[in-house]
Amino acid sequence: MMALACPTPSALPIPPTREETVSRWRERASEITQDLLAEEVPVALCYNGVCHAVMMASPCDLEEFALGFSLSEAILEHPDELYGLEVRQLDDGIEVLMTIAARRAMALKQRKRNLAGRTGCGLCGSDSLQNAIRPISSVCNAPSIGDASIQRALEQLHGHQPLQQLTGAMHGAAWCSLEGEILQLREDVGRHNALDKLIGALVQQGVDRSAGFLLISSRASYEIVHKAAAAGIGALVALSAPTAMAVQLAKKAGVKVVGFARTGSHVRYAEAEIL
């Protein structure tokens with residue numbers, strides 16, 4: 001896929017954090033001090049001139065976010081179907097304007113989906129139960145992850161989340177080698193957004209998604225498993241628990257799921273057995 005002509009995150013006028021004056025109470029005393037808050041702004045994702053989704057997101061890594069979202073939501077089947085991308089700052093948010101293949105734009109129009117995104121909801125805007133849960137992709141040859149590799153990745157997670165360290169309000173999605181080394185990580189106020197950003201980065205860089213595993217700083221929801229499978233990621237480790245539907249879909253897709261990943265412990269919920 002050729003490089004897209006679009007501004008870098010640093011070129012955007014909205015930084016990912018904002019300083020606020022706060023009153024902090026500690027040890028029976030209050031003091032006026034400064035605190036850093038995570039920015040959360042509306043990001044409109046538009047295809048061939050039509051706005052499809054407005055997501056509340058962190059204003060960084062938006063090119064990767066747009067590509068990852070387009071692929072994980074099956075708007076695009078292949079990254080080469082994205083012909084161009086422009087990020088524009090508006091008074092009330094950010095627009096990401098994408099030019100995509102005509103047949104994909106037609107398919108999107110026929111889906112009649114208008115997502116109203118929120119940080120905690122992955123199905124907002126689906127117009128019927130039939131459209132709410134799309135068929136999940138199958139992942140063949142999901143890699144085996146050793147217990148030591150899972151624990152090694154967990155030890156590194158905090159050090160790879162600079163925005164979380166500053167604000168305490170960011171999720172992280174990390175790509176790890178099979179040995180447990182964190183190779184890349186993306187952050188966002190929304191766990192789905194963080195994963196879409198990571199997927200976009202992996203696709204742009206041509207990373208082999210069968211040669212590693214995903215580590216997320218949240219629960220393993222239906223949507224997280226669905227997006228991982230769509231990206232060809234066959235192994236997922238989550239800090240919190242998976243949902244019952246997530247485990248069911250993971251087994252169907254052949255995605256291995258590990259949950260409740262903590263220092264010294266984790267739980268394996270699903271092995272790669274395509275039903």
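Nothing in this text is a laboratory measurement; each read-out follows from the coordinates by a stated rule. Just so we're clear, the structure is a prediction, and the values are computed from it rather than from any experiment. Glycine also receives a Cβ, built like all others from the backbone with ideal geometry; neighbour counts cover every protein chain displayed.
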For the Ser23, Gln89 Cβ pair and Förster radius 30 Å, calculated FRET efficiency rounded to 0.05 is 0.40
The distance between the Cα centres of the stretch 163-197 and the stretch 62-78, in whole Å, is 17 Å
Which value at 222 nm does the chain reach when only helices count, each DSSP H run of 4 or more adding -39,500 (n - 2.57), with the total divided by all residues and rounded to the nearest 500 deg cm²/dmol?
-8000 deg cm²/dmol
Packing-based order for 32-42, 141-151, using average beta carbon neighbours within 10 Å, highest first
141-151, 32-42
Of the DSSP H helices in the chain, the ones reaching 24 Å or more along their long axis in Cα terms and averaging at least 1.0 in Kyte-Doolittle hydropathy are none
Magnitude of the Cβ-charge dipole (Lys and Arg +1, Asp and Glu -1) of the stretch 160-275 about the Cα centre, nearest 20 debye, reported as 260 debye
Using the Cα centre as the reference, give the magnitude of the dipole from point charges on the C-beta atoms of the chain (Lys, Arg: +1; Asp, Glu: -1; all else neutral), rounded to the nearest 20 debye.
940 debye
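Quick one: pull the percentage of alpha-carbon pairs in the stretch 132-209 with a separation above 14 Å.
More than 14 Å apart: 68 percent of the Cα pairs in the stretch 132-209.
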Stokes-Einstein D (µm²/s) once Rh is taken as the Kirkwood radius of the chain over alpha-carbon pairs, at 10 °C in 1.306 mPa s
82 µm²/s
Once you place label points 7 Å from the Cα toward the Cβ at Arg219 and Glu31, how far apart are they in nm?
3.7 nm
So for the stretch 139-275, using the alpha carbon gyration tensor with a ≥ b ≥ c as root eigenvalues (a/c under 1.5 gives rounded; past that, a/b versus b/c decides prolate or oblate), I'd call it rounded
